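Here the structure comes first, spelled out in C-alpha cells, and everything after it is commentary.
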Amino acid sequence: MDWKLPRLQEIYESRITDVKAAFSKVRPGNKVFIGSAASAPRYLVTKMGEFPLQFADTEIMQMVSLESSPFTDGKHRDMFRLNTFFIGRAARESVASGNADYTPIFMSEIPRLIHTGAIPIDVALIQVTPPDPFGNCSLGVSVETSLEAVRRAKYVIAQVNENMPRTFGNSMVSVEDLDAVILHDEPILEYSDGPTSDAAERIGFYISRLIPNGSTIQAGIGAIPNAVLRHLTDKRNLGVHTEMFSDGLIELYESGAITNHYKKFHPGKITAAFCVGSQKLYDMVNNNPVFEFYPTDYLSDPRNISMNDNMCAINAALEVDVTGQVCADSIGSSFYSGIGGQADFIRGASLAKNGRPIIALPSTAKNGTISRIVPTLKSGAGVVTTRGDVHYVVTEYGIAYIHGKNIRDRVMALINIAHPKFRSWLLQEAKKLNYIYQDQELPREGTVYPEHYRWDFTASDGEVIHFRPIRLVDEEKLRRFFYGLREEDIYYRFMGFVRTLNHSAAQPLIVMDYEEKFGLVGYIGDEPDDKIVAVGRWFLDRPTNRAEVAFTILPEWQGKGIGSHLLEKLIQLAREKGIRGFTAEVLADNRKMLNVFYRSGYSVKSLLEYNVYSLTFDFHTKSEFTNGY
C-alpha cells in the first residue's frame with residue numbers, strides 16, 4: 001500500500017505485535033469491551049482463556065454474542081464474567097443460569113453512557129479492516145457501540161482482518177486510536193435464520209399491506225423480517241433506516257425496490273448500525289457507498305428516525321397482552337433477548353409523518369400449545385413497548401390497529417388476531433377482568449376470517465370502493481355507518497323506525513362464521529381510517545338451503561351501481577357455499593331495492609303482504625326480464 005502520510009505508517013507498524021504482548025497490558029478487574037455480533041474479534045476472543053492472570057475477575061461487556069466463546073461457554077466462569085446489553089443465542093444459557101449479566105437499556109443510550117463514563121471501559125478488543133493510505137481502519141459490519149468504545153477505552157487492541165468488509169458512514173478509526181495491532185485473517189462470522197414458517201410468511205404478507213410505495217423501513221433479522229422483505233419486491237422507491245439487517249434486505253435491494261429516493265434522513269443511503277448474515281451480504285456492503293453505518297446514539301435516536309416520512313418500524317415480540325402491552329425481552333422472569341432498538345424505532349416511527357410502528361409475532365409458541373396473545377403478561381415479564389406506544393399488532397391471522405383505542409376495542413381487536421383455538425379463552429378471561437361487555441360473543445369455534453375475499457369496485461362516477469368481509473372489530477365503524485343513514489334508509493332496512501344501534505343490536509350484524517352467516521362491507525380510505533359506505537349480508541336458513549339477504553348503502557353513495565355489484569358478489573359467495581338461493585323482505589315503496597333484485601338476472605318470485613314484498617329466487621333460474629317491475 002502506498003501510504004499518503006508516512007507518520008501514520010510509522011505509528012501503525014510500531015503497534016503491530018502478538019497476542020501475548022497485547023494482553024500483557026490487561027489487568028485483573030479491568031472492564032473489557034468486546035466488538036459485537038459479526039465483528040467480534042474471534043481470534044482474540046479464543047485466546048483470552050490462555051491468559052488467566054491478565055483476565056482474572058474482568059467484566060466482559062458486549063452488545064450481543066452470536067457464538068460460543070470463553071466468556072459464554074461456562075468453562076472460565078471463575079476467570080471473567082459477561083455483561084451483555086442484548087442476549088444473543090450464545091449468551092442465553094449463561095444469563096439464564098446466573099453465570100452472566102444482562103443490562104436492559106435502549107440501544108440508543110449505550111454510546112452516551114460510555115461517553116460519560118457511566119459505563120467505564122478499560123480495554124477494547126475490536127476487529128477492523130487494514131488501514132487505507134490515510135491511516136483509517138473501518139469497523140466494518142458493526143459500528144453500533146464499538147466506535148464510542150474505541151474512543152473512550154484506555155487501551156485498544158485491534159485484530160486487523162483482510163476479510164472484514166470496508167464500510168462507510170461513521171465507521172472509521174485512525175491507527176492512532178489503536179494501541180496494539182494483531183494481524184490475523186479469518187472468515188467473518190456468518191449467521192443464518194434457517195427455514196421460515198407458514199406463519200411468518202402470512203405475517204410478512206399482512207405487514208407488506210401496511211407499507212406503501214416510498215416508505216422507509218426498519219428491517220431487522222429473523223424469520224418474520226425476512227418474510228416481510230420477500231413480500232416487498234413489488235414495492236417501489238423504498239428506503240431503509242434500520243439498526244440491523246441481514247440477507248433478506250440484500251435480496252430486496254437487488255430487486256430494485258430500494259432506491260432511498262424519498263428518505264429525508266441521509267437520502268439515497270441505506271443507513272444501519274450493524275449487519276449479520278452470509279458472505280454474500282458482506283461482499284455487497286464492502287466498499288459500497290450506498291450502505292452507511294453509524295453509532296446507535298445517532299442512528300437510533302427517535303428524533304432522527306422520525307425525520308423519514310412514512311417510516312415503517314417492524315419489531316418482534318414474545319408476548320402481547322390484550323391491552324397492548326408488549327414483552328420482547330423475557331419469558332416471564334427469564335430474560336431471553338433484550339430491549340434493543342424496539343422502543344427507539346417504535347417511538348421514532350410514531351413521531352414520523354404517516355409513520356407506522358408495527359409489532360409482529362406468531363399467534364402461538366411451543367408448537368401451538370401456548371398463545372402469545374394473553375390476558376395478562378406472565379409474572380415477571382418486562383414491558384418493552386407500552387400500551388400507549390403500540391399502533392399495529394400483526395399475527396398470521398391479521399392486523400390489529402389499537403392506537404388511540406379504548407381497552408374494550410383493543411381487547412376485541414387482539415382477540416380477533418389470536419389463534420382461533422385460544423379466542424374463547426381470551427374472551428372469558430377478558431370478561432373476568434371487566435375489559436369487555438359481559439354478553440360479548442365470538443364467531444363459532446374454528447372460524448377463520450376469509451382474508452382472500454377482498455376486491456375493489458369502481459362506481460359509475462369513477463370512485464373506487466374497497467370490499468372485504470365484515471369483522472368482529474367493525475362494531476364501532478358499523479355504528480358510525482348506521483348513524484349516517486337517513487330515516488327512510490333505516491326504515492327500509494329494518495322495516496320500522498330504529499333510533500339506535502347499541503352493542504346488543506350490533507352483535508348479530510358483526511359476529512359471522514362465514515359459512516352460514518356472511519357479511520361484506522364496502523369502504524373508502526385506507527385502514528385503520530377507513531369509512532364504511534355499504535353493508536351487505538346473508539343468513540342461511542338450513543331447512544330450505546336459502547339465505548336471507550339484505551344490504552344498505554349510505555345516501556351519498558346510492559345510485560352508483562354499488563347495490564347491484566354488492567348483490568352480485570353476495571350471490572357469488574353463497575353459490576360457493578352450496579346455497580340454493582336467496583330470500584329477501586322489501587317494503588313495497590322501496591322501489592330502488594326492488595329494481596336491484598328484479599334486474600339481477602334471476603327469476604324472482606314475489607308475494608305482497610301487508611305492504612311487504614317477500615322475494616325468492618334460486619341461483620339456477622335465469623330471467624330475461626331486466627327492466628324493473
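Each reported figure results from applying straightforward, stated rules to the coordinates on display, with no laboratory input. It should be emphasised that the depicted structure is a prediction, and the values quoted were computed from it without experimental measurement. Cβ placement follows ideal geometry from the backbone for every residue including glycine, while neighbour counts extend to all protein chains displayed.
Charge dipole of the chain (Cα centre as origin; +1 on each Lys and Arg Cβ, -1 on each Asp and Glu Cβ, all else neutral): 1240 debye, rounded to the nearest 20. With a simple spin-label model that places each label point 7 Å from the Cα along the Cα-to-Cβ direction, the separation between Lys75 and Trp455 comes to 6.5 nm.
With charges set only on the Cβ (+1 for Lys and Arg, -1 for Asp and Glu), what does the dipole of the range 455-618 come to about its Cα centre, in debye to the nearest 20?
Details: 22 positive and 25 negative charges, 82 e Å.
The calculation lands at about 400 debye.
Classify the range 198-432 as rounded, prolate or oblate from the Cα gyration tensor: take a ≥ b ≥ c as the square roots of its eigenvalues, call it rounded if a/c is under 1.5, otherwise prolate when a/b beats b/c and oblate if not. Cα axes put the range 198-432 in the prolate bin. Mind listing the long-range amide H neighbours of Phe168? Cut-off is under 5 Å, sequence gap 5 or more, other chains count too, H placed in the peptide plane at 1.01 Å from N. Here Phe293 satisfy the definition.
Dipole orientation for the range 327-436: of the candidates Tyr392, Ala349, Phe335, Tyr392 has the Cα lying most toward the positive pole (charges on Cβ; Lys, Arg +1; Asp, Glu -1). For a straight C-alpha distance cut-off of 16 angstrom, the aspartates and glutamates reachable from Lys4 (same-chain residues fewer than eight places away being disregarded) are Glu13, Asp132, Glu176. In summary, the lysines within cross-link reach of Lys432, defined as a Cα separation below 24 angstrom excluding same-chain residues under 8 places away, comprise Lys378, Lys405, Lys421. Here the calculated FRET efficiency for Glu93 and Val464, from their Cβ-Cβ distance with R0 = 51 Å, stands at 0.40, rounded to the nearest 0.05.
Rounded, prolate or oblate: which fits the range 455-618 when a ≥ b ≥ c are the square roots of the eigenvalues of the alpha-carbon gyration tensor, with rounded for a/c under 1.5 and prolate only if a/b beats b/c?
Details: a/c = 1.30, a/b = 1.25, b/c = 1.04.
It is rounded, given that a/c, with a ≥ b ≥ c, falls under 1.5.
Computed from phi, the 3J(HN,Hα) profile of the range 356-372 under the Karplus parametrisation 6.51, -1.76, 1.60 (θ = phi - 60°) reads 9, x, 10, 9, 10, 6, x, 6, 9, 9, 6, 6, x, 8, 10, 7, 8 Hz, with x in place of Gly and Pro.
For a paramagnetic label modelled on Asp530 (point 7 Å from Cα along Cα→Cβ), amide N atoms under 18 Å away belong, within the range 433-457, to 448-457.
Return the calculated 222 nm mean residue ellipticity for the chain, to the nearest 500 deg cm²/dmol, obtained by summing -39500 (n - 2.57) across DSSP H runs with n ≥ 4 and dividing by the residue count.
Numbers: 20 runs with 163 residues, N = 629.
Rounded to the nearest 500, the figure is -7000 deg cm²/dmol.
With just the Cα atoms defining each centre, how far is the range 495-532 from the range 134-158? Give it in Å. Taking the Cα centre of each part, the range 495-532 and the range 134-158 sit 59 Å apart.
State log₁₀ I(q)/I(0) for the range 118-172 at q = 0.23 Å⁻¹ as given by the Debye formula over alpha-carbon point scatterers of equal weight, solvent excluded. Summing over Cα pairs of the range 118-172 leads to -0.87. Phi angles across the range 329-337 convert, under the Karplus curve 6.51 cos²θ - 1.76 cosθ + 1.60 with θ = phi - 60°, into 3J(HN,Hα) values of 10, 8, 10, x, 8, 8, 5, 10, 9 Hz, Gly and Pro given as x.
Of all aspartates and glutamates in the structure, the ones whose alpha carbon falls short of 19 Å from that of Lys47, not counting any fewer than 8 places away in one chain, are Asp18, Asp57, Glu59, Glu67, Asp73, Asp78, Asp122, Asp179, Asp185, Glu186. Applying the Karplus relation 6.51 cos²θ - 1.76 cosθ + 1.60 with θ = phi - 60° to the range 446-458 yields 3J(HN,Hα) values of x, 5, 10, 4, x, 4, 6, 7, 9, 6, 10, 10, 9 Hz, where x marks Gly and Pro.
Among the DSSP helices (H) of the chain, those spanning at least 20 angstrom by Cα along their long axis with an average Kyte-Doolittle hydropathy of -1.0 or more are 562-576; this is a geometric and hydropathy rule only.
The alpha-carbon atoms of the range 6-183, seen along their principal axes, cover 51, 34, 30 angstrom, with the largest extent given first. List the pairs from Lys353/Lys569; Lys263/Lys560; Lys531/Lys577; Lys235/Lys531; Lys531/Lys622; Lys569/Lys605 whose alpha-carbon separation is above 31 Å, in the order I gave them. With Cα atoms farther than 31 Å apart: Lys353/Lys569; Lys263/Lys560; Lys531/Lys622.
Fully extended, how many nm does the chain gain between Asn595 and Glu576 (0.36 nm per residue separation, minus their Cα-Cα distance)?
Working: separation 19, 0.36 × 19 = 6.84 nm, distance 2.47 nm.
Using 0.36 nm per residue and subtracting the Cα-Cα distance, I get 4.4 nm.
The gain in end-to-end length when the Ser333 to Arg303 segment is fully stretched comes to 7.6 nm, 0.36 nm per residue minus the alpha carbon separation.
Is the chain rounded, prolate or oblate when judged by the Cα gyration tensor, a ≥ b ≥ c being the square roots of its eigenvalues, rounded requiring a/c under 1.5 and prolate requiring a/b larger than b/c?
Verdict is prolate for the chain.
The H on the amide N of Tyr336, modeled in the peptide plane, is under 5 Å from the matching H of Ser330, Ile331, each at least 5 residues off or on a different chain. A Förster radius of 22 Å combined with the Cβ-Cβ distance from Phe205 to Gln279 puts the calculated FRET efficiency at roughly 0.15.
Once you have the Cα-Cα distance between Leu433 and Glu254, take 0.36 nm times their residue separation minus that, and quote the gain in nm to one decimal.
Numbers: separation 179, 0.36 × 179 = 64.44 nm, distance 5.00 nm.
Difference between extended and current length: 59.4 nm.
Summarising the amide proton neighbourhood of Ala360: residues at separation of 5 or more, or on other chains, whose placed amide H is nearer than 5 Å comprise Asn315, Ala316, Ala317, Val394.
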